[in-house]
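A.B. asks: Quick one: this structure, given as structure tokens, is what I'll be asking you about.
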Amino acid sequence: MAHADAKPFERLNINDTVLLVVDHQVGLFDLARDFDPQLFYRNAIAHAALGKLFDIPEILDLYPDVPIIKRPGEINAWDNAEFREAVKATGRSQFIVGGIVTDVCVTFLSLSLREEGYSVWANVEASGTTSTLIRDVSNSRMQAAGVHLAGLFSIAADLFRDWRNPPGAEKMSEWYAKYAPAYLVTAQLFNAAKGNSTS
């Protein structure tokens, strides 16, 4: 029986999701001081790699083989007409956002997307800013507007849902090994159980 104050569990739908990477670029990485620099760099690359892993559209500012939206001066990516058109052209309603800095590029875009009625997941491990105080205030602001705050493993697991789904346990294991080694044991246990016919 559902409680009167129950909130629905909104899940990522792989067929309705777009990955947004905002201002992950040389120079701005120095502003991300709320994370260990090497860990943050790995998280940013892992965030971008989700698009290829799950074959979901990506709108990025930096990487090859994807739409590159160069903003001539707009601080909020949503204020750029080309960016807005690229988002709307996807026909999708769920967006996973990661970027630098959390309090400006990620927050402004996430709030703008929410205002337009989209569902937004802010990847807290692939978003960085100048301090933990600023990060926490920004995350609270986004959460109050209905933005889902999630980490890499949570996002990947929500997109994947079942070890038997594409891209498959082997590809997921490779992603974990490269970007989230702490979670690799999960994939290894599944593969071992599958090999023993216990799954």
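Throughout, read-outs are computed from the coordinates displayed, never taken from laboratory work. Just so it is clear, the model here is predicted, and its values are computed rather than measured. Reconstructed Cβ throughout: ideal geometry from the backbone, glycine too, with neighbour counts over all protein chains shown.
A.B. asks: Among 106, 187, 37, which residue has its Cα positioned farthest towards the positive end of the charge dipole of the chain, with +1 placed on the Cβ of Lys and Arg, -1 on the Cβ of Asp and Glu, and the dipole taken about the Cα centre?
C.D. replies: Sorting the options by dipole projection puts first 187.
A.B. asks: Could you work out the relative contact order of the chain? I mean the mean sequence separation of Cα pairs under 8 Å and 6+ apart, divided by the number of residues, in percent.
C.D. replies: Reported relative contact order: 23 percent.
A.B. asks: Run the dipole for the chain about the Cα centre, Lys and Arg Cβ at +1, Asp and Glu Cβ at -1, nothing else charged, and hand back the magnitude in debye, nearest 20.
C.D. replies: Result for the chain is approximately 440 debye, rounded to the nearest 20.
A.B. asks: Before rounding to the nearest 500, sum -39500 (n - 2.57) across all DSSP H runs of length at least 4 in the chain and divide by the residue total; then give [θ] at 222 nm in deg cm²/dmol.
C.D. replies: -12500 deg cm²/dmol
A.B. asks: If you don't mind, another one. Convex hull over the alpha-carbon atoms of segment 148-199: what's its volume per residue in Å³?
C.D. replies: That works out to 73 Å³ per residue.
A.B. asks: Between beta-carbons, use under 15 Å as the cut-off and find the net charge around residue 89, counting Lys and Arg +1, Asp and Glu -1.
C.D. replies: -2
A.B. asks: Sticking with this one: If you add up the charges near residue 18, with Lys and Arg at +1 and Asp and Glu at -1, over every other residue whose beta carbon is less than 11 angstrom from its beta carbon, what do you get?
C.D. replies: After counting each charged neighbour, the total is 0.
A.B. asks: Could you sort 163-172, 50-59 so that the peptide with the highest average Cβ count within 10 Å comes first and the rest follow in order?
C.D. replies: Result, highest mean first: 50-59, 163-172.
A.B. asks: Which order do the peptides 114-122, 17-25 take when ranked by the mean count of other beta-carbon atoms within 10 Å per residue, highest first?
C.D. replies: Final packing ranking: 17-25, 114-122.
A.B. asks: Further question on the same structure: If you build a Gaussian network model of the chain, linking Cα atoms that sit under 10 Å apart, which residue out of 110, 154, 138 swings the most?
C.D. replies: In the Gaussian network model the winner is 154.
A.B. asks: Sticking with this structure for a sec: Placing one identical point scatterer on every Cα of segment 17-161 and ignoring solvent, what is log10 I(q)/I(0) from the Debye formula at q = 0.09, 0.15 Å⁻¹?
C.D. replies: For segment 17-161, the Cα-only Debye profile gives -0.22, -0.66.
A.B. asks: Provide the per-residue ³J(HN,Hα) series for segment 95-106, in order, calculated from phi with Karplus coefficients 6.51, -1.76, 1.60 and θ = phi - 60°, each as a whole number of Hz, with x at glycine and proline positions.
C.D. replies: Calculated HN-Hα couplings, in order: 10, 9, 10, x, x, 10, 9, 4, 6, 10, 4, 6 Hz.
A.B. asks: Determine which aspartates and glutamates satisfy two conditions relative to residue 194: a Cα distance under 20 Å, and not lying fewer than 8 residues away in the same chain.
C.D. replies: 162, 170, 174
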